[in-house]
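Visitor: Here's a structure for you.
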Amino acid sequence: MVNSSKGISAIDISRHLNINYKTTFVLCHKLREALFKTRDLRPMQGEIHKDGAWINFTLRKPNYRKNNHKQRQQADEKERKFPQFRPTKRCIISLNQRSANDEQIWGSNRTIVAMDYTENTDTVFALNQRFVKAGSDIMCDENPAYNNLNFHYNRWSVNHQEAYSAKGVNNNLAESFNARMRDLMRGTHHKTDNKYALYYANYAAYLSDNRRKSNRELFEDVLKCCLWVLPLKEWVGYWQGNHCEGELIGMKAFAPKEISQNDFKRLEEQMKYDEMLLAA
């Protein structure tokens, strides 16, 4: 899984290891959930790029062209007809921190992802309050969900209906992550259920943040993450019907049960040590 920059499917791993597909499927999900529970959730600072990406929204095209109108909504007051979407439509919201004083990596070096039904104000504000230090620069698009960030942050927005980048303002780091995530979800795995979509998105974020590390470093890092996590009860007896209960919507993804407490204590100690070094 660490050798592929955009992920690898369970069927490919089953062929490489010559084991059953069901075994590989559960193994891959265990690794993804271990990475999810050991995320680096320390507050971000500096330049933060934010954006949302839609997933699982497209409808299958009808067989006959004359039935295309059935997949259109009723016209609005301006006589515009928009396509309908599947009820499984979700939005992956990403926070991407630009690296600073790092000779090995240029661009984003830390990514935090969350999932919601829409790119709404409540979730965006809660994410910033918890994971972004006050006074940071927020780079975003024209979405009104980011308008409430002006008080605690320096918000810079670009209207994507007019330009991708205007006067040096852009959210290209978030757009770059969205492209990697789409390649992983659509090109490699093809189907990502909403119950596990956030695990796939976090896996794409992990590969993006550690893109400059060697295969050995990635393998050792993933192994450490697995050792920091307690046994995952959700994947015991998966093929006998023991499935995840629901989706990780909004801030539910950052509940205590979704974070490895041992790894969280280790990160707290590391953060205190870094603050001591900066103070000295």
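Visitor: Give me the net charge of ILE249's neighbourhood, meaning all other residues with Cβ under 10 Å from the Cβ of ILE249; Lys, Arg count +1, Asp, Glu -1. Provide the component values of the computation, followed by the final result.
Guide: Details: positive: ARG90, LYS252; negative: ASP116, GLU247.
Net local charge, ILE249 excluded: 0.
Visitor: To the nearest Å, what is the center-to-center distance of the stretch 1-50 and the stretch 98-136, using C-alpha atoms only?
Guide: One Cα centre to the other: 20 Å.
Visitor: Can you run phi through the Karplus equation (6.51, -1.76, 1.60; θ = phi - 60°) for the stretch 144-158 and list ³J(HN,Hα) in whole Hz, with x for Gly and Pro?
Guide: x, 5, 9, 5, 7, 8, 5, 6, 9, 9, 9, 8, 10, 10, 10
Visitor: Shifting gears a bit: What list of ³J(HN,Hα) values in whole Hz, one per residue of the stretch 207-215 in order, does the Karplus curve 6.51 cos²θ - 1.76 cosθ + 1.60 (θ = phi - 60°) give from phi, with Gly and Pro shown as x?
Guide: Result, rounded to whole Hz: 5, 5, 5, 10, 5, 8, 7, 6, 4.
Visitor: Let me ask another. Around ARG90, which amide H atoms from residues at least 5 apart in sequence, or from another chain, sit under 5 Å from its own amide H, with H modelled in the peptide plane?
Guide: ILE55
Visitor: Can I ask one more? In deg cm²/dmol, rounded to 500, what helix-only [θ] at 222 nm does the chain give when every DSSP H run of at least 4 residues adds -39500 (n - 2.57) and the total is split over its residues? Mind showing how you got there, number by number?
Guide: Details: 7 runs with 93 residues, N = 280.
Taken over the chain, the calculation gives -10500 deg cm²/dmol.
Visitor: Please figure out what share of the DSSP beta bridges in the chain is antiparallel and state it in percent, rounded to the nearest 5.
Guide: Numbers: 18 of 27 bridges.
Percent antiparallel among DSSP bridges in the chain is about 65.
Visitor: Per-residue HN-Hα couplings for the stretch 244-249, Karplus 6.51 cos²θ - 1.76 cosθ + 1.60 at θ = phi - 60°, whole Hz, x for Gly and Pro?
Guide: 5, 6, x, 7, 8, 8
Visitor: Cα-Cα over 30 Å: which of LYS6/LYS167; LYS195/LYS224; LYS37/LYS213? List each step's numbers first, then the result.
Guide: Details: LYS6/LYS167 32 Å; LYS195/LYS224 25 Å; LYS37/LYS213 21 Å.
In this structure, LYS6/LYS167 exceed 30 Å between Cα atoms.
Throughout, read-outs are computed from the coordinates displayed, never taken from laboratory work. Note that the structure is predicted; figures quoted are calculated from it, not measured. Cβ sites come from the backbone with ideal geometry, for glycine too, and all protein chains shown count toward neighbours.
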